[in-house]
Structure formats: structure tokens, C-alpha cells
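Enquirer: Just passing along the structure, written as C-alpha cells.
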Amino acid sequence: MYGQNPPQPASWEPAQASGRLGMTAGANPGGVFTSDLSVSEYTLLGEAGFEPLGFVLGSSVYHIGVQAGKWSQNMELGILSQAMYHARDLAMSRMRAEAAQLNADGIVGVQIQIQDYVWGEDVIDFVATGTAVRSLRGDGAFRAPGGRAFTSDLSAQDFFRLLVAGAVPVAFVMGACVYHIAHMSFRQMLQQSGNNVEMAQFTQGTYEARELALGRMQGEAADAGANGIVGVNLVVNNYVWGMHATEFLATGTAIRRLSPEHKLPGTTPRPTFTLGLDS
């Protein structure tokens, strides 16, 4: 987990959330489940032995502070890195709290969206969403270590294949790094003008920023008791900090191997060659 001040679990929820969750299949046997699953995903989830309980979400509207980088130096902006991580983790923790109210074994299709508003240039809304699910076996075998509900950004198709292969998601993991890329001096700009040359200073900065993000993501997976990470995605985001400050974000789903008795029956379908006729 990044930062000197670890995020605190959610201690509140909107009054409307309790009413909404109380009407779902997870809280009421006669309730109606809600999900962001497509029809195909819903069908595959059933074949995997899971049932959807309810659409769960968590939100955190966060004010991003200020930190200046040195003009000619590559450096991480630690205050901003911590803010971006903390805000996402607050949203995730509130989403997990909703899933816990439904006694879910996990959350599939996790997404973290970012929204800014016109009433605050330095205010960003982080929203985590997903579908809480429960195994029809009812033995808790698919939960993460410690009995926690797993979280995953895998599609239902990949979730099904993962179970067939004898593994299960543990946690949606992430690593964030907001990094200041050094400015070039006037002399450096003159030296490279008209030449094919690597921008070594920029290469070094972006390389280090990505490594920091990936290392933090791997650290989260290790802390969660996972064996590996699938679906790693590394993106670059630019927000309100200026042209030379950029966020590098690594995400993925940490997984663990199941014991043979918990492996989902079936075989992994063989890949087939498909020839597209589109121009």
C-alpha cells in the first residue's frame, strides 16, 4: 500500500445505499439482483457456478493538493502520488463495504472511473463499480485469504477461463506514480535541433515512473497473498498539475491457484483460427 498514511476504511454510506442494497438478491431472497453484466456474461457467470447479487459502488470526491517539481530535475511528486492512490482506495473500500453487506464472495467487472466537475478545478470524483457475486457452493472457497471478498476487473469470459484453469481472483491491484519530467535547457534544445537523437532525460524519467507504478502494484499483490497478476494495464493520465507532471497508473487482477478439489470442472477451450472478411 502506497503512502505514509494508509487509507482508512469507509465509515459511512448514503442513506439511499442501504435501501437500494436491501432490495437486492444478496440481502433479500425475494429481491432483484442488479448488475453491469451483459447477457453473455450473466450466462457464463452461471456456468461458472456463481450468482449475481447486486451492483455495488464506492465514491470519493477528493481535493488534490499542490506540489511543485524542480525545473531541471526528474522526480516523483510524492504528495500527488499519495493523493491519487488514497482517493482510489477510499472508493474501492466503500465498494467492498457494500459487497460485504450482501455477503458476497467477490466482485467482478471492477472499474474505477474519474470525473471532474466545473465547480472545482482541483477536485476529482473517483468512482469504483462492479457486480457482487456469490458462489453457489456456499463454502467460501473462492474468497480471498482472510475471508475477504475477491475483487477483479476480468470480464466474465476471462473469469470463467481462470476458474477452469484452476485459479481464482484475489484482488484488483494498482500502483500509482505522479512524476515530474524535467524541462530541457535552452542549450539542450539547440544541441538536438534538426538531429535524430534520443531524449535521454525524458526516457529516464518516464522509465522510472513506470517502474515505480509497476513495483507498487506487485507489492499489493504480494501483500494480498497472490501467486501472480493477470491483465496488467499501464496507462498515462494528465490532470491539473501542468504539462510536465503526469500520472502513471498500473492495474491488474492478482490471482491464486486453487486446490484440486476446488477446480472448476471442464477444459479450457482450444484457440481456433478465424479469418476475418472485413476490408
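The values are calculated or read from the model by the stated rules, or taken from the named source; none is laboratory data. These numbers come from a predicted model, not from an experiment. Don't worry about glycine lacking a Cβ; one is built from the backbone with ideal geometry, like all the others, and counts go over all protein chains shown.
Enquirer: What's the total number of residues in region 231-279 that are among the aliphatic types (A, V, I, L, M) and modelled with pLDDT under 70?
Expert: 4
Enquirer: Does any residue in region 229-247 that is closer than 11 Å to Ile181 by Cα and surrounded by fewer than 16 Cβ atoms within 10 Å (Cβ to Cβ) come within less than 7 Å, Cβ to Cβ, of a residue that is charged (D, E, K, R) and modelled with pLDDT under 85 six or more places away or on a different chain, and which pairs are these?
Expert: none
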